[in-house]
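What follows is one structure encoded as structure tokens, with my remarks underneath.
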Amino acid sequence: MTAGKNSITATSKPLFRDLKADDLEPEATVIESLCVNCGKNGETRLFLTKIPFYKDVVIMSFECEHCGFQNNEIQNAGKIEEKGVKIFLKIRTESDLNRQVIKSDYTSVCIPHLDFEILSQSQKGEVTTVEGIIDRTITGLEQDQDHRREKNPEAAQQIDQFISKLKDLYSIKEPYTMIFEDISGNTFVQNPKAPQKDNDCEIHYFKRTNDQNHILGIYVENEDKLLQPIKENEYTLEDIEGEVLTFPTNCPECNNPCETNMKMTNIPYFKEVVIMATACEICGHKTNEVKSGSGIEPEGVRIEVKINGKEDFVRDLLKSETCYMKIPELELEVGSTTLGGRFTTVEGIITAVKDQLSTSTALTGDSTDPEIQSRIKNFITQLDQVLQGTKKVTLILDDPAGNSYVQTLSDIGTDAGLTITKYNRSFEQNEELGINDMRVENY
């Protein structure tokens, strides 16, 4: 009985906890490991934690007391993202060299200014900085230079010249761009202006190819047999809408096992959607997500809602998983993947942004920059003013897939505070949605 109680107590705590100075419980797991440098045994420490504005990760740090060799790696502890990510970072000032970067094992780094690329197979995943990436690259190139000078002086001289160009990147004589491409979607670059938009960093998502899925170990066998079509008249629409499906998953907050309920429903004057709700019994976290029950619309949609008073908060709102959200007056821009798909109200979506910032480890962590903490607290105060109706703002939903919706307060058409604009998607937006790769003829 005692062992059972201890087991329950252990699993009742989040697996990935925030860093706190007053937490006296041991967080790291120590494993005796072989040192690849001297062949003796060293220690590897495994640490499960959260990275602000990112996700749960496992940090692995190795140190050998015999030869002093040290190494650290990072692995994503969550799922592989549905899409890959490509990040364009503009380096303008020396402060940009201090930006924190989280690279996965599948991240390639490119510096077009030098026509230089670090392939994903060359470096392991790690927590580092922009300067750290340059340092590690220079160290790797200098490693065998003495041997090259003896065997191949010409090649050694060319590498010395290139190392000199890499060292010039520290002084930033002119702005340059660093490109991170990760097929797993688990690379992150710190935003020093959080929660405002980072104008020097562009993030694009792309659909992986089958070859890239195979690199990640994602295979779909017998796909033609797994996706059996439903026979005609086998199920009625009422049967499908009335059924609640349950499947096991992991809590997005503490990563403990839990269950997600899924149900199809109909939003009046809009379309059918799939609502998924997750409730964790361990940490009490609750979340809901909405996905479109139909396909991608022929046109994208941009919805502007003027929030002049509390009467605007009651509007029903559907934000799809492909929708970007902006509040220009607060310089707020929320990416499509930040809040996911939600069926809520105008008040509910603003409250969700506030809650996410309030519970962020960037606000509660002991090692967080005080300037960032102050900026986030000030931003939360402004959101409170919006929710109290004392600050007028404009809420903008921009959905390239056309699957987002805001309720009108008028019986006929849109009201004065609601503007809906349909537009043709750009090639880049179609690329992000995976439309450019679709073959609808001669397949």
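The values are calculated or read from the model by the stated rules, or taken from the named source; none is laboratory data. Keep in mind that this is a model prediction, so the values were computed, not measured. Cβ sites come from the backbone with ideal geometry, for glycine too, and all protein chains shown count toward neighbours. We work out accessible area using only protein heavy atoms, side chains counted, and drop any ligands, DNA or RNA first. Shrake-Rupley method; radii C 1.70, N 1.55, O 1.52, S 1.80 Å.
Out of everything in the range 269-302 that is within 14 Å of Thr322 (Cβ to Cβ) and loosely packed, with under 15 Cβ neighbours inside 10 Å, what residue ends up being modelled with the lowest pLDDT?
The qualifying residue modelled with the lowest pLDDT is Ser294.
Is it fair to say Glu65 is more than 30 Å from Asp200 (Cα to Cα), assigned to a strand (DSSP E or B) and at pLDDT 90 or above? Explain how you work it out, then say what you get.
Details: more than 30 Å from Asp200 (Cα to Cα): yes; assigned to a strand (DSSP E or B): no; at pLDDT 90 or above: yes.
No: the conditions fail for Glu65.
Quick one: what pairs do we get from the range 410-425, first residue farther than 11 Å from Gly300 by Cβ and among the hydrophobic types (A, V, I, L, M, F, W, C), second modelled with pLDDT of 95 or more and loosely packed, with under 11 Cβ neighbours inside 10 Å, C-beta under 6 Å, 6+ apart or different chains?
Listed pairs, sorted by first residue: none to list.
Output the residues belonging to the range 393-417 that are touching a strand residue (DSSP E or B) at 6+ places or on another chain (Cβ under 6 Å) and hydrophobic (A, V, I, L, M, F, W, C).
Listed by number, the residues that qualify are Val393, Leu395, Ile396, Leu397, Val406.
Out of Thr414, Thr408, Thr421, Thr394, I need the residue that is out of contact with any Asp or Glu (no Cβ under 9 Å at 6 or more places or on another chain) and closer than 16 Å to Val305 by Cα. Which one? Talk me through it step by step, then tell me what you get.
Working: Thr408 fails: out of contact with any Asp or Glu (no Cβ under 9 Å at 6 or more places or on another chain); Thr421 fails: out of contact with any Asp or Glu (no Cβ under 9 Å at 6 or more places or on another chain); Thr394 fails: out of contact with any Asp or Glu (no Cβ under 9 Å at 6 or more places or on another chain).
None of the other options fit; the residue is Thr414.
Condition first: under 19 Å from Lys319 (Cα atoms) and in contact with a Lys or Arg (Cβ under 6 Å, 6 or more places away or on another chain). Now tell me which residues in the range 244-289 satisfy that.
Val274, Ile275
Suppose we filter the range 266-325 for residues that are assigned to a loop (DSSP other than H, G, I, E, B) and aromatic (Phe, Trp, Tyr); how many remain? Quick ask: steps written out before the conclusion?
We begin by selecting, within the range 266-325, every residue assigned to a loop (DSSP other than H, G, I, E, B); these are 267-271, 280-285, 293-299, 308-309, 315, 320-323.
Imposing the further condition that a residue be aromatic (Phe, Trp, Tyr) reduces the set to 269-270.
Matching residues across the range 266-325 total 2.
Six or more apart or on different chains, Cβ atoms under 8 Å: show the pairs whose first residue is in the range 127-154 and touching a residue at least 24 places away in the same chain (Cβ under 8 Å) and of a type in the set (Asp, Glu) and whose second is open to solvent by 70 Å² or more (accessible area, probe 1.4 Å) and outside any loop (DSSP other than H, G, I, E, B).
Listed by first residue and then by second, the contacts come to Glu131/Asn98.
So in the range 68-108, with the set limited to residues that are among the hydrophobic types (A, V, I, L, M, F, W, C) and assigned to a strand (DSSP E or B), which one is most open to solvent (accessible area, probe 1.4 Å)? Full working, then the answer.
First pass over the range 68-108, keeping only residues among the hydrophobic types (A, V, I, L, M, F, W, C): 69, 74, 77, 80, 85, 87-89, 91, 97, 101-102.
Subset that is assigned to a strand (DSSP E or B): 74, 85, 87-89, 91, 101-102.
Details: Ile74: 6, Val85: 5, Ile87: 4, Phe88: 64, Leu89: 0, Ile91: 0, Val101: 0, Ile102: 4 Å².
The residue in question is Phe88.
Do you know which residues across the range 341-369 are at pLDDT below 80, farther than 15 Å from Pro195 by Cα and buried (at least 17 other Cβ atoms within 10 Å of the Cβ)?
Matches in the range 341-369: Gly365 only.
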